[in-house]
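Read through the structure below, which is laid out as structure tokens, and then see the notes.
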Amino acid sequence: MRNAVVIPLNDAESLVITSDNSGGIGTKEQDLVKIPYEVTGYYLFRVAVMECIAAGARPSSAVIQNFSGEEAWDELIKGVCKGLAELDMENLPVTGSTETNFLLSQSAVGINVIGLKYNKDARDFSASDKISVGLVGLPLLGGEVVSQADDVAPLSVFGRLCTAVADAAVWPVGSKGVLHELKRMIAELKLPVNGAALHKDLLSGCDVDGLKSGGPGTCFLIAYLPEREQTIKEIAGRHFRKLFVFDTE
């Protein structure tokens with residue numbers, strides 16, 4: 001699942017580790033994108049935690065690597081705690097380290113989310129006649145994350161969909177865009193789709209740029225059985241866009 005590392009612990013459980021990083025984004029004079037560290041921490045956490053949950057794990061801790069200075073630490077923690085609150089995981093332990101021996105001219109932060117999953121077979125859509133694919137949120141990058149905050153898929157929506165539609169497959173969109181992640185999702189789920197058809201025109205009927213970076217996980221794909229669509233719409237609201245339906249016959 002995307003960038004998750006899955007380490008089997010025994011026959012029943014596996015450790016799942018996901019990560020994200022940020023450079024040149026913060027409040028330092030030479031940063032390329034000027035935003036508070038609380039915002040940086042929030043989006044770092046949401047990328048890593050979405051990938052952890054999408055891999056089927058329950059997050060158990062978060063670890064921050066801070067190279068932005070001691071003054072950034074409390075704000076980074078606030079951002080992570082905001083994300084935890086949206087997922088109703090306020091008790092999840094957060095730790096980490098700050099580089100204090102040397103000062104960088106630009107901000108730099110990394111994060112790991114560690115989770116535990118029960119081993120089970122990968123989600124199988126092979127017995128279904130049709131599989132629908134939708135997008136929740138929009139791909140946004142840099143300053144758009146702040147200026148178009150209303151178009152960011154809420155983390156609370158992501159969490160609710162993973163719980164309420166457990167037989168769906170969620171897939172966060174990263175820096176290579178919707179189309180790239182769509183190809184990866186189709187390959188992992190083994191959907192019987194002609195690979196030659198997966199080009200930029202596939203999304204021509206949608207108001208979504210399939211090649212644009214998804215930045216800090218501002219949107220995610222969801223593959224689901226058609227009968228689940230109403231539930232997904234009720235949870236995601238205006239953030240949901242139906243992309244297409246794969247006929248598996």
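The values are calculated or read from the model by the stated rules, or taken from the named source; none is laboratory data. Remember, predicted model here, so these are calculated numbers, not experimental data. Here Cβ is always computed from backbone atoms with ideal geometry, including for glycine, and neighbour counts include all displayed protein chains.
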note = Scanning segment 87-113 residue by residue, those free of Cβ contacts under 8 Å to residues at least 60 places away in the same chain and more than 8 Å from residue 64 (Cβ to Cβ) turn out to be 89, 90, 91, 92, 93, 98, 99, 100, 101, 102, 103
key: Looking only at segment 155-182, and only at residues there that are surrounded by fewer than 17 Cβ atoms within 10 Å (Cβ to Cβ) and touching a helix residue (DSSP H, G or I) at 6+ places or on another chain (Cβ under 8 Å), the one that is nearest to residue 207 (Cα to Cα)   = 156
key: Elements of type strands (runs of 3 or more DSSP E) contained in segment 154-249, each with 1 or more residues being hydroxyl-bearing (Ser, Thr, Tyr) and modelled with pLDDT of 80 or more   = 219-224
request  = Select from segment 14-66 the residues that are of a type in the set (Ser, Thr, Tyr) and touching a residue at least 60 places away in the same chain (Cβ under 8 Å) and write down the one among them that is surrounded by the fewest Cβ atoms within 10 Å (Cβ to Cβ).
outcome  = 27
inquiry  = Pairs please, first residue from segment 181-193 and in the same structural domain as residue 220 (by TED's automatic domain parsing), second anywhere and part of a helix (DSSP H, G or I) and at pLDDT below 80, Cβ atoms under 9 Å, 6+ apart in sequence or on different chains.
reply    = 182/202; 182/203; 183/195; 186/195; 187/195
query = Does residue 108 fit the bill of being under 23 Å from residue 216 (Cβ atoms), touching a His at 6+ places or on another chain (Cβ under 7 Å), surrounded by 17 or more Cβ atoms within 10 Å (Cβ to Cβ) and at pLDDT 90 or above?
reply = no
task = Output the number of the condition that residue 97 fails; it satisfies all remaining conditions of (1) in contact with a helix residue (DSSP H, G or I) (Cβ under 8 Å, 6 or more places away or on another chain); (2) surrounded by fewer than 20 Cβ atoms within 10 Å (Cβ to Cβ).
result = (1)
task = Test residue 143 against the criterion of being modelled with pLDDT of 85 or more and not hydrophobic (A, V, I, L, M, F, W, C), and give yes or no.
result = no
request  = Search segment 72-86 for residues that are at positive phi and pair each with any residue that is assigned to a helix (DSSP H, G or I) and surrounded by fewer than 19 Cβ atoms within 10 Å (Cβ to Cβ) when their beta-carbon atoms are under 7 Å apart and the residues are at least 6 apart or on different chains.
outcome  = none
Looking only at segment 1-23, and only at residues there that are closer than 12 Å to residue 110 by Cα and either assigned by TED's automatic domain parsing to the domain that holds residue 214 or not acidic (Asp, Glu) (or both), the one that is farthest from the chain's Cα centre (by Cα) = 23
ask   = Looking at 56, 41, which one is outside any strand (DSSP E or B), outside the structural domain of residue 175 (by TED's automatic domain parsing) and at pLDDT 95 or above?
value = 41
